[in-house]
Amino acid sequence: MSDYFSGYLVVAILIALGVVFVASAFAANRLIRPNAPTVEKLTTYECGVDPVGEGWAQTHLRYYIYAYLFVVFAVDAVYLFPWATVFAAPGYGVTTLVEMGVFLGFLAVGIVYAWRKGVLRWT
Amino acid sequence: MSEVLDVAVRLVAVLAAFLVLPLAVGQAEHKVMAHMQSRLGPMYAGGFHGWLQLVADGVKFVQKEDTVPAAADRTIFRLAPGIALVPYLVALVAVPIGPGLVGQDLDLGLFFVLAVMSVGVVGTLMAGWASANKYALLGGMRTAAQLLAYELPFVLAAASVAMAAGTLSLTGIVDAWEPWWLLWQLPGAIVFFVAGLAELARPPFDMPVADSEIVFGPYTEYGGLRFAFFLLAEYAGIVLLCALTAVLFLGGWKGPWSGEIGWIWTLAKTMALALVVIWFRVAFPRLREDQLQRLAWTVLVPLALAQLALTGVIAVL
């Protein structure tokens, strides 16, 4: 296995270590905590008053529109990273920069469009 | 054999840092906030200025009864704290504190840390959904909306540093760093730090846990060890954000005598930033949900894009 992937092997070991840490903490917790559930104790706390209706209530999430904006921009932003490591290298230079300028320009126009459409504020 | 031992030592060091540094930040928050608000803070546990308070809290959390509401989605409810906590541990592995002093130097370090850090929010979203509690659900949705809004300026500001350094390796970025970047990358640094605070839902961006309107948001139904894990995740997130800001924008281990005491510089910069995080909590009132979204989309994103343009032009010319 190459060095490149062996680096991620260490990451995988650390993930396993983290899972073991959480699991053993809960195992220890199980050994030393009391366990005496009652119906009242297991009621949803909510704000301290007995809950009315069920918990998964319907609400109007006005910020769902941001999710669309985000998907567009985040997918684009990922392309910045591979580009960022080479754009200043010999043989790339101004042309590469202008290309990325066009790319970012499209992003910026997208935001301006959303802004002008009044998506970014609500009353 | 020595290679295995080396990896083991590094992993144990990462785990130790993950368990100790957040507590140090928590303790600092107790005392610094108290002094900023002209009160004492915890003073009794351990005798000297309440230094054992967090340990006492930990003991209390560990032996507290574990209640899962009958109406909750039990499996997801139980899993959520772990999913909120582990990503911060994993991200810490790629953050260097000195030349060679790093859990694992990854080529894609910056990208890896940004990606893994965002996973923690899924835990909070799961908690909000699984609690079967209207306020928790609202809080969880707010957390998600906050991540969506602030992830973009966060990533763009980080990309600006990658452009300046020409590498995604965090060690490589510090090696390429020069003092005048403090000025050159200043807008990016501010955007990165503020957006990071917002992703962690730290005050003044603590809308998801706004106690005056939605009780304690996604964590309302939690108690005992599960609640403690969410708290630990918050403070681990602060450590990670401050360490990243120090490494990306403040030159990590660079400073006078960096050959001998480089790692002390990194830790000192990290802790100084952590104090700023605490200071923010005391100094600013909470932003309203729409203000919070507007700050991200109309201030931070344009600022980050401008920083990208500036970085590109200066790096090429």
From A:105, A:53, A:101, residue being at positive phi and out of contact with any Lys or Arg (no Cβ under 7 Å at 6 or more places or on another chain): A:53
Restricting to segment A:3-57, count the residues that are part of a loop (DSSP other than H, G, I, E, B), among the charged types (D, E, K, R) and open to solvent by 60 Å² or more (accessible area, probe 1.4 Å). 4
Which helices (runs of 4 or more DSSP H) does segment B:236-317 wholly contain that include 1 or more residues that are touching a strand residue (DSSP E or B) at 6+ places or on another chain (Cβ under 7 Å) and open to solvent by 40 Å² or more (accessible area, probe 1.4 Å)? B:258-283
May I ask you to list the residues in segment B:210-231 that are touching a Pro at 6+ places or on another chain (Cβ under 6 Å) and of a type in the set (A, V, I, L, M, F, W, C)? B:229, B:230
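Based on this model, can you work out whether residue A:28 counts as farther than 30 Å from residue B:211 by Cα and either facing another protein chain (nearest Cβ under 8 Å) or under 20 Å from the mean Cα position of the chain (by Cα) (or both)?
yes
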Taking segment B:53-89 as the search range and keeping residues that are in contact (Cβ under 8 Å) with a residue 12 or more places away in the chain, at the interface with chain A (Cβ under 7 Å from one of its Cβ atoms) and of a type in the set (Gly, Ala, Ser), which one is surrounded by the fewest Cβ atoms within 10 Å (Cβ to Cβ)? B:71
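Conditions (1) open to solvent by 10 Å² or more (accessible area, probe 1.4 Å); (2) facing chain A (nearest Cβ under 10 Å); (3) within 19 Å of the chain's Cα centre (by Cα), marked per residue:
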{"residue": "B:98", "(1), (2), (3)": "no, no, no"}
{"residue": "B:105", "(1), (2), (3)": "yes, yes, no"}
{"residue": "B:115", "(1), (2), (3)": "yes, yes, yes"}
{"residue": "B:133", "(1), (2), (3)": "no, yes, no"}
Residue B:209: at pLDDT 90 or above and either over 19 Å from residue B:300 (Cα atoms) or in contact with a helix residue (DSSP H, G or I) (Cβ under 7 Å, 6 or more places away or on another chain) (or both), yes or no? no
What's the number of the only condition in (1) at negative phi; (2) at the interface with chain B (Cβ under 7 Å from one of its Cβ atoms) that residue A:83 fails to meet? (2)
For segment B:289-306, pairs from a residue that is more than 7 Å from chain A (Cβ to nearest Cβ) and touching a residue at least 12 places away in the same chain (Cβ under 8 Å) to a residue that is among the hydroxyl-bearing types (Ser, Thr, Tyr) and in a helix (DSSP H, G or I), with Cβ under 8 Å and 6 or more apart or across chains, are B:296/B:150; B:300/B:150; B:304/B:160
Unmet requirement for residue B:21, which otherwise passes all of (1) more than 27 Å from residue A:48 (Cβ to Cβ); (2) more than 22 Å from the chain's Cα centre (by Cα): (2)
Looking at A:75, A:10, A:94, A:22, which one is within 8 Å of chain B (Cβ to nearest Cβ) and under 30 Å from residue B:310 (Cβ atoms)? A:94
Hey, residue A:42 hits all of (1) under 28 Å from residue B:299 (Cα atoms); (2) within 10 Å of chain B (Cβ to nearest Cβ); (3) modelled with pLDDT of 80 or more but one; which does it fall short on? (1)
Subset of segment A:69-107 (residues that are assigned to a helix (DSSP H, G or I), open to solvent by 40 Å² or more (accessible area, probe 1.4 Å) and of a type in the set (A, V, I, L, M)): A:71, A:72, A:75, A:78, A:86, A:94, A:98, A:102
Do we have residue B:94 as surrounded by 21 or more Cβ atoms within 10 Å (Cβ to Cβ), over 23 Å from the mean Cα position of the chain (by Cα) and not in a helix (DSSP H, G or I) here? no
Is it the case that some residue within segment A:57-72 is touching a residue at least 60 places away in the same chain (Cβ under 8 Å), of a type in the set (D, E, K, R), more than 26 Å from residue B:111 (Cα to Cα) and more than 7 Å from chain B (Cβ to nearest Cβ)? yes
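The values are calculated or read from the model by the stated rules, or taken from the named source; none is laboratory data. Everything numeric here is computed off the predicted structure, so don't read it as measured data. FYI the Cβ positions are ideal-geometry reconstructions off the backbone, even for glycines, and counts take in every protein chain you see. Heavy atoms of the whole protein, side chains included, go into the accessibility calculation; ligands, DNA and RNA do not. Shrake-Rupley method; radii C 1.70, N 1.55, O 1.52, S 1.80 Å.
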